[in-house]
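Right, one structure below, let's go through it.
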Amino acid sequence: MYKILFSFFWLLGLLPLRALYLVSDFCYLLAYYVFQYRRNVVKENLKLVFPEMTHSQRLKIEKKFYRFFCDVIVETVSEMHMSRAEMKSRMKFINVEEIIRQYDNGKSCMLMTAHYGNWEWASTLSVWLPEDKPLYGIYKQLANKNFDHLMCELRMRFQGKNIEKNDLARKMLELKINKQLAMFGMIADQTPMPLNANTWIKFLNIETLTTIGTEILAKKFDYPVYFAKISCIKRGYYQCEFIPISLTPKETENSEITEKYMNLLEQSIMDAPEYWLWTHNRWKYSNLKTKH
């Protein structure tokens, strides 16, 4: 089954990106109007975050989001055959020297990003880094093993490496013992399970259950933490800026790093809400806060 899936996407990825955008436009019509993929979740999320907006204003964001969501899918497929030069022109890291400088201090870095912009292309940071100090993308294993395998292959297309989130602490310790430096990239806007390490943070004006796993590891290893702010310049072109959250994490208060990250992400979402992943049921545990 995996070979069939891989072959399909491999062949699809042979199309130039301008042709894939026609596929994206068609997928938008199917996802939004025919299958209505998670439209109720998106509508409820937008209503929670933007209660002051009119229905037509929220509907405009909703449609823009679905168009962009389909673009991310075809852009991810295009990665299978895209050259390093083209990828570097489409996904630019404008101040990458800021994080590389931490290597001179003998420090690895924790990079916090989100399901915002083309988060899959963010894994191509590896082509901007020294080969012996790569990016480790932290991920949660997908239930479908075939898709999980495919996504791991794509994320390693440009020399990136993958670490399943449950193996992260052990891998970080192993690298530290061997005096190896690296970047650790976390997509940190998922909804954690209530029993895991987490805290409640006011995010987009809603009390939100938020994981503090990155903060715990940053303090344990004393690694600088940056927010990887992704911006969409135009269709198929992005840039990422690294904004310091804490260069001395051991000196921060509890939840300080996580709150700063959430505030920076909130600013990005408020500036251009259509680029965030609204299909995710982000506030499904909010009633637990009310009970306490």
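Derivation of every value follows stated rules applied to the coordinates shown; laboratory data play no part. As the structure is a prediction and not an experimental result, all values here were calculated from the model. FYI the Cβ positions are ideal-geometry reconstructions off the backbone, even for glycines, and counts take in every protein chain you see.
Once R0 is set to 41 Å, what does the formula 1/(1 + (r/R0)^6) return for the Cβ-Cβ distance between Lys107 and Met193, expressed as a FRET efficiency to the nearest 0.05?
That gives a FRET efficiency of 0.85.
Might you report the magnitude of the Cβ-based charge dipole of the chain about its Cα centre, with Lys and Arg at +1 and Asp and Glu at -1, to the nearest 20 debye?
Numbers: 40 positive and 31 negative charges, 115 e Å.
In total the dipole reaches around 560 debye.
Quick one: net charge of Glu97's neighbours, Cβ under 14 Å, K/R +1, D/E -1? Before the final figure, lay out each step's value.
Numbers: positive: Lys92, Arg101, Lys133; negative: Glu98, Asp104, Glu241.
That sum, taken over residues with Cβ under 14 Å, equals 0.
For the range 2-281, give me the percentage of DSSP beta bridges that are antiparallel, rounded to the nearest 5 percent. Display every interim value, and only then the final one.
Working: 16 of 35 bridges.
In the range 2-281, approximately 45 percent of DSSP beta bridges are antiparallel ones.
Stretched out fully, how many nm does the piece from Ser56 to Asn254 gain, at 0.36 nm a residue minus the Cα gap? Show your work: numbers first, answer last.
Numbers: separation 198, 0.36 × 198 = 71.28 nm, distance 4.06 nm.
Taking Ser56 through Asn254 to full extension adds about 67.2 nm, to one decimal.
Once you measure Cβ to Cβ distances between cysteines in the chain, which Cys have no partner under 4.7 Å?
So, Cys109, Cys152, Cys232, Cys240.
In whole Å and largest first, what semi-axes does the C-alpha gyration tensor of the chain yield when each eigenvalue is scaled by 5 and square-rooted?
Details: eigenvalues 167, 137, 61 Å².
One finds semi-axes of 29, 26, 17 Å for the chain.
Please compute the net charge surrounding Met193, taking Lys and Arg as +1 and Asp and Glu as -1 over other residues with Cβ under 13 Å from its Cβ. Spell out each step's value before the answer.
Values: positive: Lys140, Lys165, Lys284; negative: none.
Taking every Cβ under 13 Å from that of Met193, the sum is +3.
Count the net charge of all other residues whose Cβ sits under 14 Å from the Cβ of Thr248, scoring Lys and Arg as +1 and Asp and Glu as -1. The partial results should precede the final answer.
On the way: positive: Lys107, Lys219, Lys220, Lys250, Lys260; negative: Glu215, Asp222, Glu251, Glu253, Glu256.
Once positives and negatives cancel, what remains is 0.
Taking the Cα centre of the range 114-247 as origin, work out the dipole magnitude from +1 charges on Lys and Arg Cβ and -1 charges on Asp and Glu Cβ, in debye rounded to 20.
Details: 17 positive and 13 negative charges, 15 e Å.
About 80 debye.
Just rank Arg38, Arg235, fewest to most, by other beta-carbon atoms within 10 angstrom.
Ascending number of Cβ neighbours within 10 Å: Arg235, Arg38.
Please compare each pair in Lys64/Lys260; Lys47/Lys234; Lys47/Lys289; Lys161/Lys260; Lys161/Lys289; Lys43/Lys220 to a cut-off of 29 Å on the Cα-Cα distance and tell me which ones are over it. Don't skip to the end; give the middle numbers.
Working: Lys64/Lys260 27 Å; Lys47/Lys234 27 Å; Lys47/Lys289 19 Å; Lys161/Lys260 27 Å; Lys161/Lys289 37 Å; Lys43/Lys220 40 Å.
Beyond 29 Å: Lys161/Lys289; Lys43/Lys220.
From the helices alone, meaning DSSP H stretches of at least four residues, give me the mean residue ellipticity at 222 nm for the chain, per-run term -39500 (n - 2.57), in deg cm²/dmol to the nearest 500.
Here the helix-only value at 222 nm equals -13000 deg cm²/dmol.
Identify which of Thr54, Thr208, Thr248 has the largest mean-square fluctuation in a Gaussian network model of the chain, with springs joining Cα atoms closer than 10 Å.
Ranking Thr54, Thr208, Thr248 by mean-square fluctuation puts Thr54 first.
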